[in-house]
Amino acid sequence: MKNLKSAVLILAMALLVFAPAQAGNENNEGIRFFQGKWVDALKHAKKQKKLIFVDCYTTWCGPCKMLSKKVFPQKEVGDYFNANFVNVKIDCEKGEGITLKDKFGVSAFPTMLFIDPKNEEVLHRVIGFVPAEKLIAEAKSAPAQSEKGNALAKAFKKNKKDIKTTEDYLSYLVKISDPKAQEVAIHYLNMVPQSDWHKKDYFWILSRYVKDPFSDEAAYYFKNKEVFVKENGFKGQYLESGMYYSYAGKLADVSKKEDFDQSKFDELIQLMQNNGFDRIELIKDYTNRALLVNVGDYAGYMDVVEEKFAEGLSKNPRYYSESGFNLLNRLKDCEDKEVFKRAVKLMDDAIQLELDNPELNMFRLSIAYRDAYDFVQKAGIEGERLAVAKAMNDLFVNIVPKHNALLDKTHKEAQKDKEEGKKGGRSVPAMKMGGF
């Protein structure tokens with residue numbers, strides 16, 4: 001194990017040594033992003049008679065950083081986007097970016113939007129990291145995708161009772177992660193027999209879009225939970241906990257503690273008890289942590305996280321190393337250096353647990369080093385600790401595009417095999433895009 005740790009450190013320092021050479025390859029030939037407010041970008045785009053390309057990002061999003069470092073600077077990307085779009089970057093957690101995120105229904109990062117400045121209509125969406133060639137292809141297809149979407153929307157509005165029309169429209173909305181998919185998905189579910197909801201062609205819709213545990217759709221699930229679990233295994237169980245977490249998260253989404261609706265939370269607890277849910281304490285803990293973060297009590301949040309992390313070390317080190325990574329992601333809006341010093345210590349402990357694990361997960365470890373670099377900077381820590389953190393962050397940026405490319409290739413091959421081997425049967429078109 002010591003040899004492994006030494007190898008990781010040597011690799012980190014090697015990356016640090018070569019970092020200047022890599023930085024020297026960067027140029028100004030890539031996408032040029034508009035500097036100014038959104039209203040000014042709209043005016044400029046209208047004057048230039050161009051569409052607007054919007055990169056919706058957050059400071060903690062790894063794939064967002066990879067786009068900025070690996071894709072946007074490329075000459076061919078810059079040539080196409082600078083000639084055809086007014087390009088805008090929006091930090092969705094700061095300033096007007098918060099309002100624009102809600103306005104355009106952005107819920108995943110990165111999200112790239114192609115917008116008509118005349119009416120601020122979203123013509124096309126691209127979700128997640130994509131390589132340069134695919135991004136250019138998506139940009140070229142934006143007008144056609146918009147026309148397709150408008151045609152499907154008109155057809156659906158005209159004939160909402162036709163199941164094929166609804167399927168086609170839902171598939172399109174799911175593909176581009178359009179917020180309207182929520183309403184259309186529930187509409188579609190109620191077009192098919194409830195007795196079929198447990199089947200995979202419909203279950204993915206239920207699990208993805210039914211988030212209210214007090215809804216009629218949820219009531220049917222609770223009444224027939226055994227059937228759902230038997231047909232879908234752990235996914236059938238996850239649907240239940242997913243609804244509880246989603247509902248609790250919305251209750252905790254307040255800016256002041258006194259705005260938290262305790263009566264509705266008590267109703268949720270009663271519902272969980274009635275349904276025999278055995279992880280109520282986890283929901284309570286999650287809600288408490290979410291509330292502390294949302295009201296800005298980061299010191300209180302760290303108190304809870306450190307306590308939970310310490311309690312779990314003797315029970316399941318692997319789980320708590322991973323949960324340590326995840327819990328600290330909630331500090332993205334914190335500006336307290338003392339809190340980040342505590343976060344660095346906890347992250348170091350979590351990383352050490354991962355290094356000591358015989359089944360070392362390098363991908364998860366790389367993500368942890370990415371976050372650690374962010375925490376070290378925000379804590380104001382310098383010297384060797386900062387140097388190693390930066391080197392491991394650079395390693396993460398290099399690993400993930402290759403990892404994603406491999407996953408994409410594997411997924412396409414699996415989908416091809418599935419489609420070639422499929423015989424008959426009815427399925428919602430969206431399932432062919434991956435379902436969940």
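Quick one: Glu217 ticks every box in (1) in contact with a helix residue (DSSP H, G or I) (Cβ under 9 Å, 6 or more places away or on another chain); (2) acidic (Asp, Glu); (3) within 25 Å of Leu100 (Cβ to Cβ) except a single one, so which number is it? With respect to (1) in contact with a helix residue (DSSP H, G or I) (Cβ under 9 Å, 6 or more places away or on another chain); (2) acidic (Asp, Glu); (3) within 25 Å of Leu100 (Cβ to Cβ), Glu217 is out only on (3). Look at (1) surrounded by 19 or more Cβ atoms within 10 Å (Cβ to Cβ); (2) within 19 Å of Gln35 (Cβ to Cβ); (3) basic (Lys, Arg) and you find that Lys94 fails only one, number (1). Residues in the stretch 110-134 that are outside any strand (DSSP E or B), in contact (Cβ under 8 Å) with a residue 40 or more places away in the chain and surrounded by fewer than 22 Cβ atoms within 10 Å (Cβ to Cβ): Pro117, Lys118, Glu120, Gly128, Val130, Pro131, Ala132. Within the span defined as the stretch 410-430, every residue fails to be part of a loop (DSSP other than H, G, I, E, B), at pLDDT 60 or above and out of contact with any helix residue (DSSP H, G or I) (no Cβ under 7 Å at 6 or more places or on another chain). When you look at Val86, is it farther than 25 Å from Gln182 by Cα, touching a Phe, Trp or Tyr at 6+ places or on another chain (Cβ under 7 Å) and either part of a loop (DSSP other than H, G, I, E, B) or hydrophobic (A, V, I, L, M, F, W, C) (or both), yes or no? Considered against the rule, which asks whether it is farther than 25 Å from Gln182 by Cα, touching a Phe, Trp or Tyr at 6+ places or on another chain (Cβ under 7 Å) and either part of a loop (DSSP other than H, G, I, E, B) or hydrophobic (A, V, I, L, M, F, W, C) (or both), Val86 comes out as yes.
Within the stretch 36-54, can one find any residue that is within 24 Å of Asp394 (Cβ to Cβ) and more than 25 Å from the chain's Cα centre (by Cα)? No, there is no match, as no residue in the stretch 36-54 is within 24 Å of Asp394 (Cβ to Cβ) and more than 25 Å from the chain's Cα centre (by Cα).
When Met191 is tested against (1) touching a residue at least 12 places away in the same chain (Cβ under 8 Å); (2) in a helix (DSSP H, G or I); (3) surrounded by fewer than 18 Cβ atoms within 10 Å (Cβ to Cβ); (4) of a type in the set (A, V, I, L, M), only condition (2) is not met.
Candidates in the stretch 194-219 are the residues that are surrounded by fewer than 18 Cβ atoms within 10 Å (Cβ to Cβ) and touching a residue at least 24 places away in the same chain (Cβ under 8 Å); of these, the one that is nearest to the chain's Cα centre (by Cα) is Arg208. Here Ser177 meets each of (1) closer than 22 Å to Met66 by Cα; (2) touching a residue at least 60 places away in the same chain (Cβ under 8 Å); (3) in the same structural domain as Leu67 (by TED's automatic domain parsing); (4) touching a Ser or Thr at 6+ places or on another chain (Cβ under 9 Å) with one exception, condition (3). Could you please let me know if Ser255 is more than 30 Å from Asp336 (Cα to Cα) and of a type in the set (Ser, Thr, Tyr)? So Ser255 does not fit the description; no.
Of note, Phe396 does not satisfy the criterion of being crowded, with 19+ Cβ neighbours inside 10 Å, out of contact with any Ser or Thr (no Cβ under 9 Å at 6 or more places or on another chain), modelled with pLDDT of 65 or more and within 30 Å of Arg289 (Cβ to Cβ). Restricting attention to the stretch 75-96, does a residue exist that is of a type in the set (D, E, K, R), more than 16 Å from Glu138 (Cβ to Cβ) and in contact with a Cys (Cβ under 9 Å, 6 or more places away or on another chain)? Yes, there is a match, as at least one residue in the stretch 75-96 is of a type in the set (D, E, K, R), more than 16 Å from Glu138 (Cβ to Cβ) and in contact with a Cys (Cβ under 9 Å, 6 or more places away or on another chain).
Where in the stretch 253-333 are there helices (runs of 4 or more DSSP H), lying fully within it, with 2 or more residues that are at pLDDT 90 or above and closer than 30 Å to Gly236 by Cβ? Ranges flagged: 262-274, 280-294.
The values are calculated or read from the model by the stated rules, or taken from the named source; none is laboratory data. As the structure is a prediction and not an experimental result, all values here were calculated from the model. For neighbour counting, all protein chains shown are included, and Cβ atoms are generated from backbone atoms with ideal geometry for every residue, glycine included.
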